[in-house]
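See below for the structure under consideration.
The values are calculated or read from the model by the stated rules, or taken from the named source; none is laboratory data. Model, not experiment: these values are computed from the prediction. All Cβ positions, glycine included, derive from the backbone under ideal geometry; neighbour counts span all protein chains shown. Ligands, DNA and RNA are stripped out before the accessible areas are found, and what is left, the full protein with its side chains, is counted by its heavy atoms. Shrake-Rupley method; radii C 1.70, N 1.55, O 1.52, S 1.80 Å.
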Amino acid sequence: MFKDILTMEIWQGKTVGDLLTLEFLASAAGSVLAAIAILLLGWVVSKWLQARVRNLGRRNKHLDDMLFDFLSSIVRYVVLGFTVLFVLNTFGVQTTSVIAVIGAAGLAIGLALQGTLSNVAAGVMLILFRPIRTGDFVEVAGQMGTVKEVTLNFTELADLSNVQVIVPNSEVWGNIITNYSTNDRRRAEWTFGVGYGANLADAERIIHNTIMADARAQSEPEPFIQVTNLGGSSVDFLVRVWCNAGDYFSFKADMTRKVKEALDAGGVDIPFPTRTVINVSETADA
């Protein structure tokens, strides 16, 4: 009863134009409030779903964080996109026509940004197929370093001097990728040359004992030590020994020095190229 009386008091004495204006304002205010509520709800839901998807990858160490970061971003933007469509619908906008306009604009933008979109497409392929992951030591597009981040547009590396290197994803996906961190073990390789007068059996024994005495050397598979080349001034041994991937560079560098010192201590000659220069003019004068 009180509500009816109040309503009568509000509308009493108003013209038809006034009544239409008040009705329009009331409708517009309701639409605005509904749009704000939908936007807030969509924003909260998108953030919540993004965090849930990202945490799913964080909780399981066997899942790739980079992949779930990408998926969480996709989920968030999809939810926000639907939220915008719902907001437009509250104002009576035909969303089908809006989608058509967005599609046409997207096509025009895509033609104008072909290079950028190729990086995005390559970024999606890198994230989905994961030939490289954060923390891997790789060589891509002529650049060598540790992967710090793979985004939709570029791949960030830290080179051997810890300098940031940004490589466009199209250059990464479109070229050969060498990933040194995929396998747990690597086979180190050296070539050691000894003189033609050296005892080859002694040289082979010294090389074998020196390398296999190091804790980083693995006896399985069996190391390969064989004469593979008769050079101009040396007999060359090709040596291949397995080790853990993380020990590769230090192991290879250390053994290069230790084998040289062991050969010197064992009296095995390590030759080096020599050159005799004859002065023709001095020979003619003599």
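Please calculate how many Å² of accessible area the stretch 137-249 carries per residue, with a 1.4 Å probe and no DNA, RNA or ligand atoms counted.
55
With a cut-off of 11 Å between beta carbons, the residues surrounding L157 carry a summed charge of -4, where Lys and Arg count +1 and Asp and Glu -1. Count charges around V44 for me, please; just the other residues with Cβ under 14 Å from its Cβ, Lys/Arg as +1, Asp/Glu as -1. Neighbourhood net charge equals +3. Put W190, W242, W173, W48 in order of accessible area, highest first, and with a 1.4 Å probe you get W48, W173, W242, W190.
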